[in-house]
Amino acid sequence: MKKEEAFKRKVMEYYDSNGRHSLPWRKRITPYRILVSELMLQQTQVERVIPYFNRWMKHYPSMKKLSEASQDDILKLWSGLGYNKRALALHKTAQILARKKFPREKEKLLKLPGIGHYTAGAILNFTFNQWTPFIDTNIRRVFLFHFFEKKHDVSDEKILEKMEKVGYAHSPREWGYALMDYGAFLKTQLEENPNRKSSHYRKQSSFLYSRRYWRSRILKILLEKEQVKKEKLVSLVTSERNAPKKSEIEKILSQMEKEGFLKNERNNVGIKS
């Protein structure tokens, strides 16, 4: 266990001196604040999330306040953060939990909208200081770099096994924060990305002119105009630079309606309340 103990000392020494202790969701910790921060942080850089998190907490300081909000207002506040499905998931979860005790069991958390294994583990560690190994991009980078130097196609299951063996230093909460901060540091120091060794590695596609891009454009138009004739909306989108064909935009609109983003009443399209 000498290597594991040396590893824990290294990570905690970095965290003690350079950790991101001032992040707003690491202060006044509550299940709600951790839930909001974790959904916002999915696939989004910390620096971008900070102002959104602070504004969100001013508008919706509690689960109950969020549960009572309209979907239109939520998407306006979320606008620009990307991956708008996360906002809908957060809203639905708030409606489920507004008058219930926040779950402390992973199995119950996984049944909530937008919460997968990583988010459930993060919530248990950061909210309840309950040791539950979990993997994000930074944590994966740390373990691949230190324990899988000569390996390739490493599964997350193998990394989780190693996390269990290593255990945690100080407390589950501090150890989780330390791993994430040390992983973010490693990203700036290494020429080769250790995450390429992961069997889960996928190079992220460009956002510009992607399907996600046109979904965000549709939402932006509807947030400004509230309700638009379907033909007019399709025309507005397809008139933009590098826009896909009319049939593709109609498919996107249909999918967004199925997902609960949009409503279509007598051919008038708007954001579902």
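Bear in mind that the values in this text are calculations on the coordinates, not laboratory data. The structure displayed is predicted, hence computed values, not measured ones. Quick reminder, even Gly has a Cβ in these numbers, built from the backbone with ideal geometry, and neighbours come from all protein chains shown.
Angle check, please: helix 117-128 long axis (alpha carbons) against the longest principal axis of the chain (alpha carbons), in degrees 0 to 90, nearest 10. Roughly 70 degrees, rounded to the nearest 10. Checking every one of the trypsin sites (Lys or Arg not before Pro) in region 1-35 against DSSP loop status and a limit of 14 other Cβ atoms within 10 Å picks out Arg20, Lys27, Arg28.
Checking the cross-link filter: which aspartates and glutamates have an alpha carbon closer than 16 Å to that of Lys187, excluding same-chain neighbours under 8 positions apart? Qualifying aspartates and glutamates at Cα under 16 Å: Glu47, Asp136, Glu149. Think of it as helices only: each DSSP H run of n ≥ 4 in the chain is worth -39500 (n - 2.57), and spread over all residues that comes to -18000 deg cm²/dmol at 222 nm. In this simple spin-label approximation, Ile50 and Leu110 carry label points 7 Å from Cα along the Cα→Cβ vector, and these lie 3.5 nm apart.
Taking other residues whose beta carbon is less than 14 angstrom from the beta carbon of Leu88, and scoring Lys, Arg as +1 and Asp, Glu as -1, yields +4. Proximity of backbone amide H atoms, modeled 1.01 Å from N, is registered between Val154 and Ser198, Ser199 at under 5 Å, excluding neighbours fewer than 5 places apart on the same chain.
Would you mind classifying region 13-133 by shape? Square roots of the alpha carbon gyration tensor eigenvalues, ordered a ≥ b ≥ c; an a/c under 1.5 is rounded, otherwise it is prolate if a/b is larger than b/c and oblate if not. Oblate, since a/c reaches 1.5 and b/c is not below a/b.
Ordering Thr188, Thr127 from the fewest to the most neighbouring beta carbons within 10 Å gives Thr188, Thr127. Overall form of region 211-271: rounded. Here a/c, set by the Cα gyration tensor axes a ≥ b ≥ c, is under 1.5. Placing a pseudo-label 7 Å from each Cα along the Cα-to-Cβ vector at Ser70 and His117 gives an inter-label distance of 4.1 nm.
Long-range amide H contacts for Leu262: which residues qualify at under 5 Å (H placed 1.01 Å from N, peptide plane, sequence gap of 5 or more or a different chain)? Long-range HN contacts for Leu262: Glu257, Lys272.
For region 217-232, backbone phi angles converted through the Karplus equation (6.51, -1.76, 1.60; θ = phi - 60°) give residue-by-residue couplings of 5, 4, 4, 4, 4, 6, 5, 7, 9, 6, 8, 9, 4, 4, 4, 5 Hz, Gly and Pro being listed as x.
For region 119-217, trypsin sites (Lys or Arg not before Pro) meeting the loop criterion (DSSP other than H, G, I, E, B) and having at most 14 other Cβ atoms within 10 Å: Lys150, Lys151, Arg202, Lys203.
Given their separation in residues at 0.36 nm each and the Cα-Cα distance between them, Gln189 and Ser79 gain 36.4 nm when the chain is fully extended.
Annotation: amide H of Val269 within the under-5 Å range of Val228, Lys229, Lys230, sequence separation 5 or more or interchain, hydrogens built in the peptide plane. Taking label positions 7 Å along the Cα-Cβ direction at both Arg202 and Gln43, the computed distance is 0.8 nm, reported to one decimal. The chymotrypsin sites (Phe, Trp or Tyr not before Pro) of region 180-265 that DSSP puts in a loop, and whose beta carbon has at most 15 other beta carbons within 10 Å, are Tyr201, Phe207, Tyr209. Using the Karplus relation 6.51 cos²θ - 1.76 cosθ + 1.60 with θ = phi - 60°, the per-residue 3J(HN,Hα) values for region 76-86 come to 5, 5, 7, 3, x, 7, x, 6, 4, 4, 5 Hz, with x marking Gly and Pro.
Pairs exceeding 23 Å between alpha-carbon atoms, taken from Lys3/Lys197; Lys64/Lys263; Lys8/Lys158; Lys85/Lys111: Lys64/Lys263.
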